[in-house]
Amino acid sequence: MGLLKRRLASINRTIQLKSNEAAGHEQADAWSNRDLIPLPPARRTWGWFNYFGYWAISSLNISNWQTPSSFLTMGLSVRQAMLIIIVGNIIIALFSALIAWCGLEWHIGFTGGRVVQNRYSWGMRASYFPLLQRILLNFIWNAVQCHQGWNGGRLIAVCITCIWPSFARIPNSFGPNMPTTTYEFVGFVIFWFLSTPFLLLRPEKFKVPFQIVCIWCGIGMLSWMIWGLATAKGVGPLWSTGQELPEGSKFSASWLIMAGINQTVGGLAAGITNGSDFSRYARNRRSYAIGTITSCVVTGTLVCLVGLVTAASCQKIYGDVYWNPPDLLMVMIDSGNGSSKARAGVFFLSAGFALTAMFENICGNTIAGGIDLAGLFPRYIDIRRGAIITFVAAWIVQPWQLINRATTFISVLSSFSVFLAPIMGIMACDYYLLRKRKVRLSHLYRTDESIYFFWHGVNWRAIPAWMCGVAPTLGGLVVTVSLDPDPPRALVQLYYMAFLIGFFISAVVFYAINLAFPPKHAMDQYDEFDIYGTFTAREARRVGVVPIEDETDGSNEQIIVDADARKG
């Protein structure tokens, strides 16, 4: 028994992350590690183009290309579909900047050690709750992005077909009970292995990959549209689609537009929620604001427009509407029987789409999942280890089962804003209104005498605020997912506004509860000294802290004691 204990202790020491002795604030313990502390200036390498690329990757993909189709099938016109896209992208840009601003000012992430940005709202222990929601969504989205329809797996299969046309005719070795084919599964496996090396890159090193992906896929999309227009000599009848609401529809076009906006924003709710995980890498606040707003609004709208025009022009060429790029690409090469020139062009297009899907999945889901897991187990997991775990989890989730068997699965994911929007409302209210944009960093990474520990690590005020934001729209989510043929009209209408309702109700309730039952400690506290070496001299002056080298001989512990004494 003694030998076993010694071996287990040895294994435990081996797998634990090592603290950086040269920098005392980079300790690896139950609440912190190198990837969770406030980022120092040397690690903040992202400029405006990096953020433009980060959000462009979320736009330069198949799902965004297909977005107009979902609105046209609802019976809306082309103009109404584009209105939804423009308004939805503007809301995404504004809320992304709103939630991410804490990371820009204090250089902490959404997770940052069991959800730093939620730690001061929910309490040190209750911050697990929003974190677990994020981890679950990251695992699922990571799997979905790897396969079927609008993801990298089928695009890789198209690339292989362009090189070896016989691959399209590979026999299906799976039985009838397996909801995928050998052709699709091989594409998924290859996509998975090609993505693996990029897991070794830390987020601050994504500059060059972002540039390559954005340029390649952007040129490919524009070239595809130009080819379609030139070959078809104009757009097809799809472009002039007018409003054709289903007969007996219970909802007017206005309500369907509202539903479309909610769906657009809800699809990126997870990315908005953890915006500070990436905004903290910004060299300055202007870089994030310019890159995010221009990319969300401009690139997001243009990709949908290009997808609509391309589908419309190819309708004239092939006689059918193909919204799914892998399907259209296979038609263009006649399932591998086309000319070598056609296969070369299709390879360029499909490879660009696949590369974008790869980086969208790695950056938006895998890396984000790695950060979240690092928040759960900071002593053992950093971003790199967490990203690998999230990526491997794709095999456990089995996306071929989810996508092909659950017709409402994507609707469920998009409607996750029912649960995430109230969390964002609490975050925004707490940071801007209650704390007046002040955060005491030294108390976010410890439990002893921390002002954010509240009652046994739980800020009970956040719980009823979150529940009040979820309650009005939860019924609409249930009847929508269950495909109720005759749902209560009021429930569905509330669900169509789930993001805005959840955000503002939770924000208002949280504010009211804090006024009625204020916390024991003042909410606008902050450290007078730059304990973690987080700020440049200019940033330190802006937030009102003293740079570490000006007031200390290098002892971080002494700084904390002095700061505590001054703050009382």
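The values are calculated or read from the model by the stated rules, or taken from the named source; none is laboratory data. Being a predicted model, the structure only gives us computed values, none of them experimental. Virtual Cβ from ideal backbone geometry, glycine too; neighbours counted across all protein chains shown.
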Checklist entry - Restricted to region 69-112, and to residues that are in a loop (DSSP other than H, G, I, E, B) and surrounded by fewer than 24 Cβ atoms within 10 Å (Cβ to Cβ), which residue is modelled with the highest pLDDT? => result Ser77
Next on the checklist: Anything in region 48-68 that is surrounded by 19 or more Cβ atoms within 10 Å (Cβ to Cβ) and over 18 Å from Phe353 (Cβ atoms)? List them, or say none.
Outcome noted: Trp48, Asn50, Tyr51, Phe52
Item to check | Matching residues, region 423-441, being in contact with a Phe, Trp or Tyr (Cβ under 8 Å, 6 or more places away or on another chain), charged (D, E, K, R) and not in a helix (DSSP H, G or I) | outcome: Arg435, Arg437, Lys438, Arg440
Checklist outcome for this item: Apart from one, (1) in contact with a Cys (Cβ under 9 Å, 6 or more places away or on another chain); (2) aromatic (Phe, Trp, Tyr); (3) farther than 15 Å from Cys429 by Cα all hold for Phe510; the odd one out is (3)
Item to check | Of all residues in region 200-240 being surrounded by fewer than 19 Cβ atoms within 10 Å (Cβ to Cβ) and among the β-branched types (Val, Ile, Thr), the one that is nearest to Ser276 (Cα to Cα) | outcome: Val208
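For region 222-240, how many residues are part of a helix (DSSP H, G or I) and more than 21 Å from Ser350 (Cβ to Cβ)? Walk me through it before giving the result.
Step one: of region 222-240, the residues part of a helix (DSSP H, G or I) are 222-232, 237-240.
Subset that is more than 21 Å from Ser350 (Cβ to Cβ): 237-240.
Here the count works out to 4.
Looking at region 128-145, can you tell me whether even one residue there is touching a helix residue (DSSP H, G or I) at 6+ places or on another chain (Cβ under 9 Å) and at pLDDT 75 or above?
Initially, region 128-145 is screened for residues touching a helix residue (DSSP H, G or I) at 6+ places or on another chain (Cβ under 9 Å), giving 128-135, 137-145.
Checking which are at pLDDT 75 or above leaves us with 129-130.
Yes: region 128-145 contains one or more residues that are touching a helix residue (DSSP H, G or I) at 6+ places or on another chain (Cβ under 9 Å) and at pLDDT 75 or above.
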Checklist entry - Yes or no: Leu433 aliphatic (A, V, I, L, M), closer than 26 Å to Ser96 by Cβ and modelled with pLDDT of 90 or more? => result yes
Next on the checklist: Can you tell me which of (1) part of a helix (DSSP H, G or I); (2) without any contact (Cβ under 8 Å) to a residue 24 or more places away in the chain; (3) touching a Gly at 6+ places or on another chain (Cβ under 8 Å) is the one Phe499 doesn't meet?
Outcome noted: (2)
Checklist entry - Does any residue in region 460-472 that is touching a residue at least 60 places away in the same chain (Cβ under 8 Å) and buried (at least 24 other Cβ atoms within 10 Å of the Cβ) come within less than 7 Å, Cβ to Cβ, of a residue that is outside any helix (DSSP H, G or I) and not acidic (Asp, Glu) six or more places away or on a different chain, and which pairs are these? => result Ala462/Ala126
Checklist entry - Taking region 312-355 only, how many residues are more than 31 Å from the chain's Cα centre (by Cα), modelled with pLDDT under 90 and in a loop (DSSP other than H, G, I, E, B)? => result 5
Checklist outcome for this item: For region 36-54 the number of residues that are of a type outside the set (A, V, I, L, M) and in contact with a Leu (Cβ under 9 Å, 6 or more places away or on another chain) is 1
